[in-house]
Amino acid sequence: MVFPGTPPPPPAGSGSSPSGPSSTSTKFSPQSSSSAPPKTTSLLPKPRLDYATLLADPAQTAHNAMIRNSPLTHGPNHLPHMIRLRDTQLLLLQKISNVRSKQKEVSHLIKANLGDKEELVRQAKKLKGRITDYETNLNATEEELLELGLVLPNQSMSDVPLGPEENAVEIEKFGPEPIPSDLARDHLRTTNWYELLDNDASTISTGSSWPYLRGTLALLEMALINYATSICLKHGYEPVIPPDIIRTDVASRCGFNPRDGDGDAAPTQTYHIAGTDLCLAGTAEIPLSALFANRILEHKSLPRKVVGVGHAFRAEAGARGSDTRGLYRVHQFTKVEMFCVTAADGEGGELMEEMRSVQREIADGLGLSVRYVTCQSHLMIN
């Protein structure tokens, strides 16, 4: 790639830039921490899970967690324990309902001056205490049930390929034939030669993998954002610039809590803001989801389609090797994200195909070589 007004590219094998070799080397250093973030606050009601569906076929639910590589906190006893908690929840709800009915009867007798008022008042106090005890037990039961339920991944579709990345199923390929790889076209070598990245400034300002895009490269990113967004607008998507900082509660409700390894002790891939319940968004779809949270949308207004332009922040804890050089596996990058809301029993499949066609239109216009594959079960975020 040659830009107007720039010198010719360096000869193959040369790693120097016009200003000479860099005097500062950068080394990747994960920015995440394994310490737990502060307890989050929420302006939203607690999530409501469909326990009847989740627990109707425990074997199938456990199988779905296995194929999605989502370990259950209680192992083989996870779902049986959820079933016991669910039975306890339903029993307590029934007891509370029965006691409330008895409360109403006693209250009616007191107001109507029927019977021994002193005895009726004693019964009312006793019933109130019983409800308090039942509700205390119910709250503890529901909290534990919800905690275990949120560990379960979403249900996979029947045509999802099982296993790791190498089991991907190719759906289609389009665009020109890929050009064979060549070290002379290494992106970091090219950007250094044309002074499009400033690694020394990154090292001073923030650290490695926080790139400065300069000159033509900065203009290229802006042009790509505008190009992709304009195509989405043509297909009826409303443009949105969401905030880059969100409540950790919102990220958690979206199922976005990636870690470098299994268990809560593994380093988080999310940047948390110390002393707050806030974090940097890992993808624009998280703040976009908050646009529709805790709202009632009329069926006739669906589907709702937005396209967000935001920054994504990833700690990339544990990332090492050649795939972290230059613009690969960076900690901050810009995303153009399509986001749709429709009825649960609506046109979700059709919208997915529409989004894929929009993506293809974007890629076709750029002359990119694209291989479209199904996402394997191990790569799906909960």
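The values are calculated or read from the model by the stated rules, or taken from the named source; none is laboratory data. Worth saying up front: this structure is predicted, and the values here are computed from it rather than measured. Here Cβ is always computed from backbone atoms with ideal geometry, including for glycine, and neighbour counts include all displayed protein chains.
At-a-glance table
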item	result
Those residues of the range 212-223 which are among the aromatic types (Phe, Trp, Tyr) and outside any loop (DSSP other than H, G, I, E, B), in sequence order	none
Identity of the residue in the range 67-91, farther than 17 Å from residue 149 by Cβ and of a type in the set (A, V, I, L, M), that ends up surrounded by the fewest Cβ atoms within 10 Å (Cβ to Cβ)	91
Qualifying residue in the range 129-150 (condition: part of a loop (DSSP other than H, G, I, E, B) and out of contact with any Cys (no Cβ under 6 Å at 6 or more places or on another chain))	yes
Residue within the range 110-119 that is surrounded by 15 or more Cβ atoms within 10 Å (Cβ to Cβ), on the phi < 0 side of the Ramachandran plot and of a type outside the set (Val, Ile, Thr) present	no
Qualifying position, being surrounded by 14 or more Cβ atoms within 10 Å (Cβ to Cβ), out of contact with any Phe, Trp or Tyr (no Cβ under 8 Å at 6 or more places or on another chain), assigned to a loop (DSSP other than H, G, I, E, B) and not assigned by TED's automatic domain parsing to the domain that holds residue 70, among 209, 156, 181	156
Failed item, numbered, when residue 171 is tested on (1) touching a residue at least 24 places away in the same chain (Cβ under 8 Å); (2) in contact with a helix residue (DSSP H, G or I) (Cβ under 7 Å, 6 or more places away or on another chain); (3) not in a helix (DSSP H, G or I)	(2)
Hey, residue 246 out of contact with any His (no Cβ under 9 Å at 6 or more places or on another chain), over 24 Å from residue 359 (Cβ atoms) and either crowded, with 19+ Cβ neighbours inside 10 Å or modelled with pLDDT under 95 (or both) or not	yes
Given (1) farther than 23 Å from residue 369 by Cα; (2) among the polar types (S, T, N, Q); (3) touching a residue at least 12 places away in the same chain (Cβ under 8 Å), index of the condition residue 205 fails	(3)
Qualifying residues in the range 278-305 (those that are of a type in the set (Gly, Ala, Ser) and outside any helix (DSSP H, G or I)) - the one nearest to the chain's Cα centre (by Cα)	282
